[in-house]
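**Student:** Sending over a structure as structure tokens; questions will come in a sec.
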Amino acid sequence: MLSKNHVITLKAAAFLSLSILHGTGYAQKIPSLKDTFKKDFGIGTALNNAQIDERDPETTAFIVRQFNMATPENIMKSALIHPKWDTYNFEMADKLVAFGKKHNIKINGHTLVWHSQLPPFIRGIKSADSIRTFFTDHIKTVAGRYEGKVYSWDVVNEALNEDGTMRKSVFLQYLGDDFVTEAFRLAQQAAPKTELYYNDYNNEQPAKRAGCLALLKKVKEAGVRIDGVGIQGHWHVGRVPLKDIEESILQYSAMGLKVMFTELDIEVLPRNFQGADVGQRMAANAQSNPYPDALPDSVQQQLAADYEALFKLFLKHKDKVTRVTFWGVNDGDSWLNGWPVRGRTNYPLLFDRKNQPKPAFGKVIALKK
Ligand code: G3I
């Protein structure tokens with residue numbers, strides 16, 4: 001006769017084989033991040049074109065079960081939404097808004113002002129007047145169109161250098177360092193009911209944080225509305241700067257700002273710098289893609305411990321942290337497979353390439369049990 005334990009084991013094995021055959025059903029049995037943290041903060045993901053287009057119903061069901069907020073990974077950036085001087089392309093952004101409405105997912109617009117992924121015509125502009133016209137029309141048109149349709153905007157993205165000084169972008173060059181305040185002023189006029197944020201990477205690091213605090217203070221002192229600050233959270237396994245993150249949550253929220261983790265992922269591959277400056281690249285060599293088939297258990301466990309520690313911290317400050325957004329749904333979607341070295345196999349998120357939960361997911365969910 002079978003013991004009770006044998007029966008449980010057999011049932012688990014049967015469930016597992018059924019799950020492999022029927023992905024969606026299994027996905028519905030995985031605990032939901034958004035439900036688990038419902039009373040604490042929003043849980044978001046970045047979405048790519050295929051996901052917004054709902055090309056795969058199982059993926060859509062998975063996204064809807066796990067996330068209640070979303071940020072477009074690329075389609076609202078100026079190169080894509082404003083490809084020519086007098087031409088906007090709203091097709092995918094409108095689809096994203098419809099996706100959010102249909103599935104009850106709040107959309108964070110990303111991003112109105114960024115030095116990267118600018119339309120090609122910008123390179124040909126050599127006058128401050130023309131840059132100002134582009135800047136003003138772009139913010140008014142895009143923020144105005146999505147007023148009442150997106151929940152929030154990353155108004156300005158990555159305006160700072162690592163030492164806290166202003167990045168030498170085309171906006172700084174032609175409009176001067178008040179361009180950040182001006183961007184928020186224009187966004188406030190075009191989208192009076194939408195939350196407005198500043199977003200950056202490494203702005204939990206002391207020097208960059210100091211520059212960021214000063215920049216945001218300047219916006220506030222000009223009497224212009226800014227509702228929150230996004231810390232992107234592109235970190236590295238075994239090196240997540242928990243103390244700096246906690247200090248940042250405290251200091252930003254002491255300014256009266258909501259604090260969000262807006263592009264969370266934890267890189268597991270070799271890298272000689274931290275951050276997300278898309279202009280930076282690394283040469284490929286024999287060691288740069290060490291785990292093409294699977295992540296070794298020791299790294300998997302470290303990744304799980306890092307995510308556990310991070311979420312513990314987020315929960316400790318749940319009165320200040322309003323959203324945690326992952327930069328991608330699963331490991332296969334991550335931009336880190338292509339940057340800073342092309343063609344690597346990375347494992348930075350909570351779900352593997354088949355949307356199966358990784359040990360890190362279990363640790364994060366267990367914090368609420
Ligand atoms: O769409 C073209 C395609 O037509 C072309 O064939 C292909 C060839 O390279 O490129 C495709 O565009 C790529 C685009 O992603 C869409 O996949 C660009 O090359 C590639 O550079 C771009 O990368 C994006 C990156 O921003 C660019 O700056 C990543 O997907 C996106 O995850 C990343 O997101 C940024 C945040 O917006 C801001 N913070 C840092 C974060 C990570 O870099």
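**Student:** Let a ≥ b ≥ c be the square roots of the eigenvalues of the Cα gyration tensor of the stretch 31-75; is it rounded (a/c under 1.5), or, if not, prolate (a/b larger than b/c) or oblate?
**Tutor:** On the way: a/c = 4.29, a/b = 1.56, b/c = 2.76.
Because a/c hits 1.5 or more and a/b fails to exceed b/c, the stretch 31-75 counts as oblate.
**Student:** How high is the relative contact order of the stretch 96-226? Use alpha-carbon pairs under 8 Å, at least six apart in sequence, and give a whole percent. Let's see the in-between values first.
**Tutor:** Values: 190 pairs, mean separation 36.7, N = 131.
Here the relative contact order equals 28 percent.
**Student:** May I pose another question? Who wins for biggest fluctuation among Gly338, Gly233, Gly279 in a Gaussian network model of the chain, springs between alpha carbons below 10 Å?
**Tutor:** Largest GNM mean-square fluctuation: Gly279.
**Student:** Okay, next question. Is the shape of the chain rounded, prolate or oblate, going by the alpha carbon gyration tensor and its root eigenvalues a ≥ b ≥ c, with a/c under 1.5 for rounded and a/b larger than b/c for prolate? Please list the in-between numbers first.
**Tutor:** On the way: a/c = 1.77, a/b = 1.65, b/c = 1.07.
Here the chain falls in the prolate category.
**Student:** Now a separate question. For the stretch 99-207, what class follows from the C-alpha gyration tensor (a ≥ b ≥ c being the square roots of its eigenvalues): rounded when a/c is under 1.5, otherwise prolate if a/b is larger than b/c, else oblate? Kindly include the intermediate steps, with their values, before the conclusion.
**Tutor:** Working: a/c = 1.98, a/b = 1.30, b/c = 1.53.
Oblate shape, in that a/c is at least 1.5 and b/c is the bigger or equal ratio.
**Student:** Could you give the size of the charge dipole of the stretch 305-360 about its Cα centre, using +1 on the Cβ of each K and R and -1 on the Cβ of each D and E, expressed in debye and rounded to the nearest 20?
**Tutor:** Details: 10 positive and 6 negative charges, 18 e Å.
Around 80 debye, computed over the stretch 305-360.
**Student:** First select every other residue whose beta carbon is under 10 angstrom from the beta carbon of Phe351; then total the charges, Lys and Arg +1, Asp and Glu -1. List each step's numbers first, then the result.
**Tutor:** Numbers: positive: Arg353, Lys354, Lys358; negative: Asp331, Asp333, Asp352.
Residues near Phe351 contribute 0 overall.
**Student:** Would you mind ranking Trp335, Trp235, Trp153, Trp85 by Cβ crowding within 10 Å, fewest neighbours first?
**Tutor:** Working: Trp335 19, Trp235 24, Trp153 30, Trp85 14.
Final ranking by Cβ density, sparse to dense: Trp85, Trp335, Trp235, Trp153.
**Student:** Here's a follow-up. Tell me, how many Å apart are the Cα centres for the stretch 46-118 and for the stretch 264-293?
**Tutor:** One Cα centre to the other: 26 Å.
**Student:** Of Leu160, Gln173, Tyr197, which is farthest along the charge dipole of the stretch 158-224 in the positive direction, counting Lys and Arg as +1 and Asp and Glu as -1 at C-beta?
**Tutor:** Farthest along the dipole direction, towards plus: Tyr197.
**Student:** Can you find, among Trp339, Leu350, His317, the residue farthest towards the positive end of the dipole of the stretch 298-369? Put +1 on the C-beta of Lys and Arg, -1 on that of Asp and Glu.
**Tutor:** His317
**Student:** For a test of understanding, tell me how many lysine pairs in the stretch 254-362 have Cα atoms under 28 Å apart, given they are 8 or more places apart or on different chains.
**Tutor:** 10
**Student:** Still on this structure, I have one more. Dipole size in debye (nearest 20) for the chain around its Cα centre, Lys and Arg Cβ +1, Asp and Glu Cβ -1? Write down the numbers at each step before the final one.
**Tutor:** Working: 48 positive and 40 negative charges, 167 e Å.
Roughly 800 debye, rounded to the nearest 20.
**Student:** Can you name the helices of the chain, as whole DSSP H runs, whose Cα span along the helix axis is 15 Å or more and whose Kyte-Doolittle mean is not below -0.5?
**Tutor:** On the way: long enough: 4-21 (26 Å, 1.10); 91-103 (18 Å, -0.46); 128-145 (25 Å, -0.22); 179-190 (16 Å, 0.27); 206-221 (22 Å, -0.13); 242-254 (18 Å, -0.18); 297-316 (28 Å, -0.03).
Taking the DSSP H segments of the chain (at least 15 Å long, mean hydropathy at least -0.5), we get 4-21, 91-103, 128-145, 179-190, 206-221, 242-254, 297-316.
**Student:** Still on this structure, please answer the following. Give me the extension gain from Arg239 to Ala210: residue separation times 0.36 nm, minus the current Cα-Cα distance, reported in nm with one decimal.
**Tutor:** Working: separation 29, 0.36 × 29 = 10.44 nm, distance 2.10 nm.
This chain segment gains 8.3 nm when fully extended.
**Student:** At 0.36 nm per residue, and after removing the present C-alpha to C-alpha distance, how many nm does the segment from Lys39 to Thr136 gain when stretched out fully?
**Tutor:** Details: separation 97, 0.36 × 97 = 34.92 nm, distance 3.81 nm.
Length gained between Lys39 and Thr136: 31.1 nm.
Rule-based calculations on the coordinates, nothing more; no lab input. The structure presented is a predicted model; accordingly, all values stated were derived computationally and were not measured. Neighbour counts are summed over all protein chains in view; Cβ atoms, including those assigned to glycine, are modelled from backbone coordinates with ideal geometry.
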